[in-house]
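The values are calculated or read from the model by the stated rules, or taken from the named source; none is laboratory data. No experiment lies behind these values; they were computed from the predicted model shown. Cβ atoms come from the backbone with ideal geometry, glycine included; neighbour counts cover every protein chain shown.
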Amino acid sequence: MKSDIKLIDGSGKRLDGRTPDELRKIKIEAGVLHRAEGSCYLEWGNNKVIAAVYGPREAIPRHTQNPLRAIVNARYNMAAFSVDDRKRPGPDRRSREISKVISEALEKVVIMEQFPRASIDVNIEVLDAEAGTRCAGLTAAGVALADAGIPMIDIPVACAAGKIEGQIVLDLGKEEDNFGAADLPVAISPRTGEILLLQMDGHLTLDEFNKALDLAISGCYTVSELQKKALLSKYESIMEVK
Ligand code: UDP
C-alpha cells in the first residue's frame, strides 16, 4: 500500500523512534494459567498474546491419530476486540493459515515419537494486535510448550524483518507493515539454526532477502534469550517459595 507517511526520518529513526535493527519492547511471563499444562503471556510492542498448551492427550477425532507419533494442533485466534475494526469472531482463512504454519513449525521441534496417537494442543489467543502477531504467537507457544514439560529438541522462536522506504529493518510495527514494501516472518530452532517457518509478503531482491533473513534470525536469537529468562524466573520463584 502506498502512503505519504514518512516511515524513516532524516536521522534514520523509525516512527516509534527505533533504529533499523531494534526490536519493539518484549515482555514474557511463563505459567500464567492454572488449568493449562503450560502457558505464556507475551507482550511484543502493543501485541498481547496468550499461549496455552494442553496434552499430550488422546487425539480426537480418532482418525487424526498417528499410531507412530503425536500431532501438534496449534490454533491461532484473534479476539474480535484485538484490532481497530472489530474482527468477526471465529476462524477465517488467515487464522487457518497461521494455525497451519505454526503447527508445522512446532512439529519440527517437539519429539513426537514419544507420544503415539496423542495430540498436543496449543491455543494462541491474540488479545491486542499490532503487526507481527504470528511471530509473537509462535514465540509464546514455544515458552508454553517448555512450561508444559513437552520434550523438544529446542524452544522455537520467531521474529520478522522487512523493508520500508528501501531499507531493511527489524520487527515491523503497524504502520510499517501497512505501508512498507515487504515483511518476512521467520521462526528458527536457535540451537540447530534450522528454519521452522519462513513466509514473505511483498517484494525483495535476492540481496535484500538475504539481508532481511539474517536480520530476522539475529532478532530470533535476542528473543530466545528472553524466552529462557522467563522460564528461569518462573522456576526460580517456585524454588524460593519451597
Ligand atoms: N489485522 C487486522 N485485522 C485482521 C487481521 C489483521 O487489523 O483481521 C492487523 C493486525 O494488527 C495484524 C496486522 O494486521 O497484526 C498484520 O497482519 P498479518 O496478516 O501480516 O499478520 P501478523 O503480522 O500479525 O503476523
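Comparison of Asn66, Asn73, Asn77 shows that the only residue that is surrounded by 12 or more Cβ atoms within 10 Å (Cβ to Cβ), more than 10 Å from the ligand (Cβ to nearest atom) and under 14 Å from Thr133 (Cβ atoms) is Asn77. Put simply, of Ala136, Ala131 the only residue that is within 16 Å of the ligand (Cβ to nearest atom), in contact with a helix residue (DSSP H, G or I) (Cβ under 9 Å, 6 or more places away or on another chain) and not acidic (Asp, Glu) is Ala131.
Within the group Ala140, Ala160, which residue is of a type in the set (Gly, Ala, Ser), under 14 Å from Asp214 (Cα atoms) and modelled with pLDDT of 95 or more? Let's see the steps before the verdict.
Numbers: Ala140 fails: under 14 Å from Asp214 (Cα atoms).
Answer to the check: Ala160.
Ile111 meets all of the listed conditions (1) β-branched (Val, Ile, Thr); (2) surrounded by fewer than 22 Cβ atoms within 10 Å (Cβ to Cβ); (3) within 16 Å of the ligand (Cβ to nearest atom) but one, namely (3). Taking (1) touching a strand residue (DSSP E or B) at 6+ places or on another chain (Cβ under 8 Å); (2) closer than 22 Å to Val110 by Cα in turn, Thr192 satisfies each apart from (1). Cys220 falls short on exactly one of the conditions (1) within 16 Å of the ligand (Cβ to nearest atom); (2) surrounded by fewer than 19 Cβ atoms within 10 Å (Cβ to Cβ), and that condition is (2). In region 95-107, of all residues being surrounded by 13 or more Cβ atoms within 10 Å (Cβ to Cβ) and free of Cβ contacts under 8 Å to residues at least 40 places away in the same chain, the one that is nearest to Gly132 (Cα to Cα) corresponds to Ile98.
Could you check how many residues of region 142-193 are away from the ligand (no atom under 13 Å from the Cβ), closer than 13 Å to Val223 by Cα and surrounded by 24 or more Cβ atoms within 10 Å (Cβ to Cβ)? Matching residues across region 142-193 total 5. In summary, Val83 fulfils each of the numbered conditions (1) more than 12 Å from the ligand (Cβ to nearest atom); (2) of a type outside the set (Lys, Arg); (3) surrounded by 12 or more Cβ atoms within 10 Å (Cβ to Cβ); (4) in contact (Cβ under 8 Å) with a residue 40 or more places away in the chain with the single exception of condition (1). Every test in (1) free of Cβ contacts under 8 Å to residues at least 60 places away in the same chain; (2) touching a Lys or Arg at 6+ places or on another chain (Cβ under 7 Å) is passed by Val32 save one, and that test is (2).
Residues of region 34-51 that are surrounded by fewer than 24 Cβ atoms within 10 Å (Cβ to Cβ), within 13 Å of the chain's Cα centre (by Cα) and within 13 Å of Val143 (Cβ to Cβ): Tyr41, Glu43, Ile50.
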